[in-house]
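Input: a single structure, listed below in structure tokens.
Nothing in this text is a laboratory measurement; each read-out follows from the coordinates by a stated rule. As the structure is a computational prediction, the values presented were derived from the model and not from experiment. Cβ: placed from backbone, ideal geometry, glycine included. Neighbour counts: every protein chain shown.
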Amino acid sequence: MPTTLIQPLALLAELENPQWAVIDCRFDLQKPAWGRDAWAQGHIPRALHADLDHDLSGARGPGSGRHPLPRPLKLAATFGRWGIGDGVQVVSYDQGSGMYAARLWWLLRWLGHANVAVLDGGLAGWERAGLPVTRRSEARPARTFVARVDAGMTTTGAQVAAALHSGALARGETLLVDARGADRFAGQNETLDPVAGHIPGARNHPSAGNQSADGRFLGAAELRRRWEATLGGRPVTEVVAMCGSGVTACHNLLALEVAGLPGARLYGGSWSEWITDPAHPVARGA
């Protein structure tokens, strides 16, 4: 049962298997309705649609980021409605980058469901391989999804602030890794959040560096080489992954797993949560 990535032909062979659930996670941060509209125009056969804002995120509130983590029981109910339960293999995909699909991958693992993989190359890779798409909508029988939350997979903003103020970030006892592009990390070209920059002491590892030009993940050995350069000899269990809102960070967490480096945690609120507190310091530059 694949638990990180799956290739298009391997998924094609299981499309009629009722024990497999395919979830289309396409989304556009600038046009939130685009993903569902795109799914309606054509998707992998039997795929259901997951909306980042409504299905894969919780409600925003004072002090939250743009995509707070959903409440576990509500998320479990969503998974059950999609026909996901014990023994079901889940495959998530998006338009190609994998960052939205990786969010679903991480959320399922957070609730204790290990049998989930991201379609390598997304729908773009599927179509390049000449594989079928459909406009037909098919429901899956609902199942009971039991949430088994792994609290060790997350870090809160308060914990990040404590690590900063105690000097743990400066000493490298906590390694905060930001998945945003280098320009946004440096405080340039910020288009999504009202404050530009990064958390002092964070390192930049853009998620785009996990993939080749065709949107497929790099091989495990190359990913490991790149990530070991970022880790600088520190154990991966000291890594806290973040980004703008806790979505792209999941792409880095998936890449670490592909590289054989499991154990990093997610700061779910990420930069968009951090900047809601004006007392939090902000750094700019590379």
>> Quick check: pseudo-label points 7 Å beyond the Cα along Cα→Cβ at ARG81 and GLU138, how many nm apart are they?
In response: 2.1 nm
> Is any residue of the stretch 1-32 close enough, with backbone N under 12 Å, to a label point placed 7 angstrom from the Cα of ALA220 along the Cα-Cβ axis, and if so, which?
Replying inline: 3-5
>> Which of the three applies to the stretch 56-120, rounded, prolate or oblate, going by the alpha-carbon gyration tensor with a ≥ b ≥ c and a/c under 1.5 meaning rounded?
In response: oblate
> Could you state the number of Å between the C-alpha centres of the stretch 60-127 and the stretch 207-228?
Replying inline: 21 Å
> In percent, how large is the relative contact order of the chain, given Cα pairs closer than 8 Å and 6 or more residues apart?
Replying inline: 22 percent
> Over the Cα atoms of the stretch 5-128, how large are the radius of gyration and the largest Cα-Cα distance (Dmax), in Å?
Replying inline: 13.9, 46
> Which label belongs to the value computed from this structure, given these candidates for Rg and Dmax of the Cα atoms in Å: [x] 17.9, 51; [y] 19.7, 58; [z] 18.3, 55?
Replying inline: [z]
>> Using a 10 Å cut-off around each Cβ, can you sort ARG140, ARG135 from fewest to most neighbouring Cβ atoms?
In response: ARG135, ARG140
>> How would the stretch 151-274 be classified by its alpha-carbon gyration tensor: rounded, prolate or oblate, with rounded meaning a/c under 1.5 and the a/b versus b/c comparison settling the rest?
In response: oblate
> Mean residue ellipticity at 222 nm from the helices of the chain, using -39,500 (n - 2.57) per DSSP H segment of n ≥ 4 over the full residue count, to the nearest 500 deg cm²/dmol?
Replying inline: -8000 deg cm²/dmol
> If you count, for each residue, the other Cβ atoms within 10 Å and average over each peptide, how do 53-66, 194-207 line up from highest to lowest?
Replying inline: 194-207, 53-66
>> Under the 0.36 nm per residue contour assumption, what length would be gained going from the current alpha-carbon distance of ALA213 and ARG284 to full extension?
In response: 22.7 nm
>> I'd like the antiparallel share, as a percent to the nearest 5, of DSSP beta bridges with both residues in the chain.
In response: 10 percent
>> Out of the GluC sites (Glu not before Pro) in the stretch 126-217, which ones are loop residues according to DSSP with at most 15 other C-beta atoms within 10 Å?
In response: GLU138, GLU173
> Taking amide hydrogens as modeled 1.01 Å from N in the peptide plane, which residues meet the under 5 Å criterion relative to HIS49, leaving out close sequence neighbours?
Replying inline: ASP24
>> I want to check the label-to-label distance for GLU14 and ASP28. Put each point 7 Å from Cα in the C-beta direction and report it in nm to one decimal.
In response: 3.1 nm
